[in-house]
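Bear in mind these aren't lab numbers, they're just calculated from the coordinates by the rules spelled out. As the structure is a computational prediction, the values presented were derived from the model and not from experiment. Cβ placement follows ideal geometry from the backbone for every residue including glycine, while neighbour counts extend to all protein chains displayed.
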Amino acid sequence: MSNYKSVLVISDLHIPYHHPDAFKFLAALKKKYKPDLIVNIGDEIDQHSISFHNHHPDLKSPGDELRAARVYVKELEKIFPRMILVHSNHSSLVYRKAVAHGLSLEYLKSYNEFLEVGDGWQWVDDLKITLSDGQRCFFTHGMAADVMKVAQQFGMNAVQGHYHSKFSISYYSNPDKLVWGLQTGCLINQKELAFEYAKNFKSRFVIGCGMIIDGQPKLMPMVLKDGGRWTGTIV
């Protein structure tokens, strides 16, 4: 892929259980940094109702959840009509469920069809690109708790999500280059019942996303006020 100067990395929205200010935050980043590539590294939708884990009885049915998700997905598509999305554990639940119950994937709709989005959204297993400084970068939803293990395994810069409480940049170097790993946090609303499993966790989810500018990783925290809403400021 082409050399990219400004890359916006979105992860773990878990629509329709995303943070109520997530889209405003992402739109503000788009306006300020004008990214030439948008990468969504997974869990763009939650699909809690068809999870392999327990379904909370006070949450939506599968049909209701999908219909609610589509409304927000269409809103996100208006902000980012072109986006590369990486397969992930939540977003792929319909396919995983089909395989688990012996149903051929030939019977199923594509992501674009069941989410009702255009061809500007493209799903891939993972992604490798060349950055504007000539270095290669690997994007995945989540392969290891330590993103540097992913970077070392692939021998290039690495970006991943999946781990909601991890929001960091790490580095290692060798005689030839400096390699980094970016962990992007999430953009969920932790007050939602879908995340009740984490209410007693000592480490809280970190709300934000990542960018790569001129080949270097940047953390973009969505700083919240006491009531849990975004301050409206990019820091």
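Listing LEU115, LEU187, LEU193 from fewest to most neighbouring C-beta atoms within 10 Å gives LEU193, LEU115, LEU187.
The H on the amide N of HIS14, modeled in the peptide plane, is under 5 Å from the matching H of GLU44, ILE45, each at least 5 residues off or on a different chain. Computed across segment 143-207, the Kirkwood hydrodynamic radius from all distinct Cα-Cα pairs reaches 13.0 Å. Among complete DSSP H helices in the chain, those whose alpha-carbon atoms stretch at least 15 Å along the helix's long axis and whose mean Kyte-Doolittle hydropathy reaches 0.0 are 22-33.
Once backbone amide H atoms are built at 1.01 Å from N, TRP123 has LEU85 as its partners under 5 Å, excluding neighbours fewer than 5 places away on the same chain. Cross-link pairs exceeding 24 Å in C-alpha to C-alpha distance, out of LYS97/LYS149; LYS30/LYS225; LYS97/LYS218; LYS31/LYS177; LYS24/LYS218, comprise LYS97/LYS149; LYS97/LYS218; LYS31/LYS177. Positive-end ranking of ALA22, VAL71, VAL99 along the dipole of segment 1-144, with charges on Cβ about the Cα centre, is headed by ALA22.
As a proxy for reagent exposure, ranking THR140, THR231, THR184, THR130 by other Cβ atoms within 10 Å from fewest up yields THR231, THR130, THR140, THR184. When the chain is treated as a GNM with alpha-carbon contacts under 10 Å, the residue of ASP46, ASP176, ASP119 showing the greatest mean-square fluctuation is ASP176.
Think of the chain as having a plus end and a minus end, set by charges on the Cβ of Lys, Arg, Asp and Glu; of THR231, ALA194, GLY134, THR231 sits farthest toward the positive end of this dipole. Assigning unit charges at the beta carbon (Lys, Arg +1; Asp, Glu -1) and nothing else, what dipole magnitude in debye, to the nearest 20, does segment 3-221 show about its Cα centre? Dipole of segment 3-221, to the nearest 20 debye: 540 debye.
The charge dipole of segment 29-99, taken about the Cα centre with unit charges on the Cβ atoms of Lys, Arg (+1) and Asp, Glu (-1), comes to about 380 debye, rounded to the nearest 20.
So what's the back-of-envelope 222 nm ellipticity for the chain, counting only DSSP H runs of four-plus at -39500 (n - 2.57) apiece and dividing by all residues, rounded to 500? Result for the chain, helices only: -6500 deg cm²/dmol.
Charge dipole of segment 48-89 (Cα centre as origin; +1 on each Lys and Arg Cβ, -1 on each Asp and Glu Cβ, all else neutral): 220 debye, rounded to the nearest 20.
Go through (1) 7, 28, 31, 23, 10, 1; (2) 6, 23, 28, 22, 13, 6, 1; (3) 8, 33, 37, 19, 4, 0 and flag the label whose value is the computed P(r) over Cα pairs in 10 Å bins from 0, in percent for this structure. Label (3) holds the value from this structure. Local charge for PHE139 was computed over the other residues whose Cβ lies under 13 Å away, with Lys and Arg +1 and Asp and Glu -1, and equals 0. Under the classification rounded if a/c is under 1.5, otherwise prolate if a/b is larger than b/c and oblate if not, where does segment 27-105 fall, given a ≥ b ≥ c as square roots of the Cα gyration tensor eigenvalues? Because a/c hits 1.5 or more and a/b exceeds b/c, segment 27-105 counts as prolate.
Note on segment 80-160: Kirkwood radius taken over Cα pairs, Stokes-Einstein applied at 37 °C and 0.692 mPa s, translational D equal to 225 µm² s⁻¹.
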